[in-house]
């Protein structure tokens, strides 16, 4: 009999596998709490969440998770310095008003930070723009431009440049295409989404 397949999205599975057991974690933009529940149940992690959507907050609370309703752009300032071992921002950076300031807050609150985001320089996105002349709709970017929550279209190279500009150390990276890891070689072209582990 085979083990059941993980219910975590690919980037969340990478993060879950690389958070040290027993850590204190803040999951910013935690959604329905799937990552927090996995960290709590499988790794004994004290996971807290911040989520803007009331329905997701209710779902987290129903799972027995500790979540506050709040906005990453404004409410991270309320957390004390180094209150967590890890601050996590998964598939949320591109939806914030000021990703640069949110990144600064993550690295102030957590000793380390995981950040994952869709790569808008992936070859399918480029091809869609080149041949169709329109903003792409893909499995990872499934809605039209006028209804997407993505307000900043970031690429892996853009993010690396921001990290260099702000003096942020890259501890580890993972690049994903679909649900599979892909090589770091030409990741800006080949990877659909990226996961970075960061520190100051």
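The values are calculated or read from the model by the stated rules, or taken from the named source; none is laboratory data. What you see is a predicted model; the values in this text were computed from it and never measured. Virtual Cβ from ideal backbone geometry, glycine too; neighbours counted across all protein chains shown.
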Among the residues of the stretch 158-176, how many are surrounded by 13 or more Cβ atoms within 10 Å (Cβ to Cβ) and in a helix (DSSP H, G or I)?
-> 5
Entirely in the stretch 61-142, the strands (runs of 3 or more DSSP E) that have 1 or more residues that are at pLDDT below 95 and closer than 27 Å to residue 190 by Cα = 110-118
Mind counting the residues in the stretch 10-30 that are closer than 22 Å to residue 77 by Cβ and either modelled with pLDDT under 95 or outside any strand (DSSP E or B) (or both)?
-> 2
Within the stretch 85-101, how many residues are in contact with a strand residue (DSSP E or B) (Cβ under 7 Å, 6 or more places away or on another chain) and surrounded by fewer than 22 Cβ atoms within 10 Å (Cβ to Cβ)?
-> 3
Scanning the stretch 46-63 residue by residue, those within 21 Å of residue 83 (Cβ to Cβ) and within 18 Å of the chain's Cα centre (by Cα) turn out to be 47, 48, 49, 50, 51, 52, 57, 60
On the given criteria, is residue 49 in contact with a strand residue (DSSP E or B) (Cβ under 7 Å, 6 or more places away or on another chain), buried (at least 18 other Cβ atoms within 10 Å of the Cβ) and in a loop (DSSP other than H, G, I, E, B)?
-> no
Answer yes or no as to whether residue 77 is crowded, with 22+ Cβ neighbours inside 10 Å, within 26 Å of residue 152 (Cβ to Cβ) and touching a helix residue (DSSP H, G or I) at 6+ places or on another chain (Cβ under 8 Å).
-> no
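One line per residue, one yes/no per condition, for (1) exposed (fewer than 15 other Cβ atoms within 10 Å of the Cβ); (2) under 22 Å from residue 197 (Cβ atoms):
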{"position": "21", "(1), (2)": "yes, yes"}
{"position": "43", "(1), (2)": "no, yes"}
{"position": "53", "(1), (2)": "yes, no"}
{"position": "57", "(1), (2)": "no, no"}
{"position": "83", "(1), (2)": "yes, yes"}
If you go through the stretch 177-200 one residue at a time, how many are in contact with a strand residue (DSSP E or B) (Cβ under 6 Å, 6 or more places away or on another chain) and either part of a helix (DSSP H, G or I) or modelled with pLDDT of 95 or more (or both)?
-> 8
Residue 7: in contact (Cβ under 8 Å) with a residue 24 or more places away in the chain and not in a helix (DSSP H, G or I), yes or no?
-> yes
